[in-house]
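To keep things clear, I will list the structure first and then write my remarks on it.
No value in this document is a laboratory result; all are computed from the given coordinates. As the structure is a prediction and not an experimental result, all values here were calculated from the model. Neighbour counts are summed over all protein chains in view; Cβ atoms, including those assigned to glycine, are modelled from backbone coordinates with ideal geometry.
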Amino acid sequence: MNQLGSTDSKLWLDATSRPRDSCPMIAQPYQLHIERRDPARNMARYYALSIEPTLFGEVCLTRRWGRIGAHGQAKYHSFEREEEAVQLFLGLLRDKRKRGYRAISRDMAKCASAPVFRVPDDATGELTPNNDIERPRPNSRPTA
């Protein structure tokens, strides 16, 4: 066994000292789900933002967007400091609010992938505009 001081490692497997945890703690959870709907333009979009720590000790801002009910796209930004990620988070939120996106409740975000259907009008059999139709509530049971 090589015991030379210049090549001997100070990191033994049975060492009593533990390495420092380099993964930063996030001060508070940052998660947001916003939507933009315009039935006249057949527009139903979502945009989701979250800030989470990575396994490499960085902070990751995740952006997801697309049409409601579709898988959509995602983009990831890595930062060394949480403050940088929060600045981008707030900047993106300001831009999206200017474009008409609005926050929705957590319950509605859970069923955001559920499609909104049009139902036939009782009298005429015509499809009603889906302005008046709401998403099914979570934990609600369909009526027969």
*Taking the C-alpha atoms of the range 30-109, how large are the radius of gyration and the largest Cα-Cα span, Dmax, in Å?*
13.5, 46
*Can you give the charge dipole size of the range 30-109 about its Cα centre, rounded to the nearest 20 debye, using +1 on the beta carbon of Lys and Arg and -1 on the beta carbon of Asp and Glu?*
700
*Normalising by the residue count of the range 30-109, find the relative contact order in percent from Cα pairs under 8 Å and 6+ residues apart.*
28
*Please name which of Leu92, Ala70, Ala48 has its Cα lying farthest along the dipole of the range 30-109 towards the positive end, using unit charges on Cβ (Lys, Arg +1; Asp, Glu -1) and the Cα centre as origin.*
Ala70
*If you stretched the chain out fully between Met43 and Arg67, how much longer would it get, using 0.36 nm times the residue separation minus the C-alpha to C-alpha distance?*
7.9 nm
*What's the extension gain from Gln87 to Glu52 if we count 0.36 nm per residue and subtract their Cα-Cα distance?*
11.2 nm
